[in-house]
Amino acid sequence: MQILIRGGRVIDPGNLDGIHDILLQDGKIAQISANGSIENIDVSESEPADSSPCKVIDASGKIVTPGLIDMHVHFREPGHEYKETIQTGCLAAAHGGFTAVCTMPNTKPVNDNRQVTEYIINKAAGVDTVRVYPVAAISKGLEGNGLAEYGELKEAGAIAFSDDGCPIVNSRLMRRALEYAKGFGMLIISHCEDLDLVGAGVMNEGALATRMGLAGIPNAAESIMVMRDIALCELTQAPLHIAHVSTKESVRTIREAKKRGIPVTAETAPHYFTLTEDAVEKYNTNAKMSPPLRSYDDKEAIWEGLSDGTLDVIATDHAPHASIEKEVEFNLAANGIIGLETALSLGLKLVDKGFLTINNLIEKMSKNPARILGIKNTLKIGSVADITIIDPDVLYTVDSDCFHSLSRNTPFNGWKMKGKAVVTIVGGKVVFDDLSKK
């Protein structure tokens, strides 16, 4: 069946920005109007009985973009399906406007071998919703002792390597990981954390932690490891991507490294540019995460890093946890929040505040992740039809009970939001459609 996306503002940074019609056929982009409309198509507003009529999506007043890509999610399968499954994670992604996600390897068993990588890929294919790209482990068992078999993992379908959740403490091993990955044309995604500085810390170090009687985590716990990994990146000239940046010192270090031509990229998450440590007051475990929410100065630095291009990507670090892991005393609660169904709305707040243009936001949630990962993701004739349609003006209130994720651990429940994805198309197939309800 053909799909005609009519009258939307089509934004493909560096390629298109204007009102266009887009015709999809056989899973690809068949036509894009130069101006005005695509004519002479047998259109039908209802589901056709055969493949000849064309389904029309009225995108007037909407923004049509290359599909959003989240390069940092935790889907928990295999091993912790009570928190999230590949199926529920994919549904959450589709409803958040994401056409593709990269799953981190801290599953049970760990994704450090061909069998687990292929299991994730096959399970995602069976779900047939969004594209799932497994990120395999840097080290066997995430233990930081010996490297996993990168050649086997790449052959099985891994898109990058990370020990996310477990920093590589051994500098020699991290060097070898960068060199080994470079030889396979693969990316290392680094979780930067000095565990000795973290100690027993559970939130940002500062006056608030002291008042709450909680052990704090200093900014240096992150920034020291960022500095080390950038030094190793410079030494090896191997591509390095730094995950979930949260501190002003890290932003400054990455900015300086880029000026020197070091091949480093970096991401932050919506909670770091939206919240501060104040969100954990009253011992709110839904605001407990790793790295922790930081100070207002750090949040300002994240804004600046996004604005000037120091931070390339907005990724969710979607980390589902069951209520039994969050509804406990703060010290014992699991780290992490879910983010797939709120990320775009929070990103649009940056546009409203003037920190980013809408083109900048699309770059950070679509084009840059694709570029860094080596995924083709563009709105050109002949390209695969992975498309997100955004309504920038719709108003709604976040209701975690309506989430498609299995978990509900979000600090944004009850927040009033403006703007969200209304249609998600993967390979020419509509996997989420909120416009038809209106």
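Points worth noting:
- Residue that is surrounded by the fewest Cβ atoms within 10 Å (Cβ to Cβ), among those in segment 154-177 that are of a type in the set (A, V, I, L, M) and closer than 26 Å to Asn335 by Cβ: Val169
- Matching residues, segment 243-277, being free of Cβ contacts under 8 Å to residues at least 60 places away in the same chain, within 21 Å of Leu356 (Cα to Cα) and of a type in the set (A, V, I, L, M, F, W, C): Ile254, Ala266
- Single residue of segment 241-271 satisfying the filter (small (Gly, Ala, Ser) and either in a loop (DSSP other than H, G, I, E, B) or surrounded by 24 or more Cβ atoms within 10 Å (Cβ to Cβ) (or both)) that is nearest to the chain's Cα centre (by Cα): Ala269
- Per-region count, segment 380-393, residues closer than 13 Å to Val64 by Cα and either surrounded by fewer than 23 Cβ atoms within 10 Å (Cβ to Cβ) or without any contact (Cβ under 8 Å) to a residue 24 or more places away in the chain (or both): 3
Matching residues to (1) crowded, with 21+ Cβ neighbours inside 10 Å; (2) out of contact with any Lys or Arg (no Cβ under 6 Å at 6 or more places or on another chain); (3) closer than 27 Å to Glu249 by Cβ:
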site	(1), (2), (3)
Thr310	yes, no, yes
Ala315	yes, yes, yes
Glu329	no, yes, no
Leu332	no, yes, no
Gly339	yes, yes, yes
Lys349	no, yes, yes
Asn359	no, yes, no
Asn368	yes, yes, yes
Ile372	no, yes, yes
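All of the numbers you see were taken from the coordinates with simple rules; none came from a lab. Everything numeric in this text was worked out from a predicted model, so none of it was measured. Because the Cβ atoms are built from the backbone with ideal geometry, glycine has one as well, and the counts that use them run over all protein chains shown.
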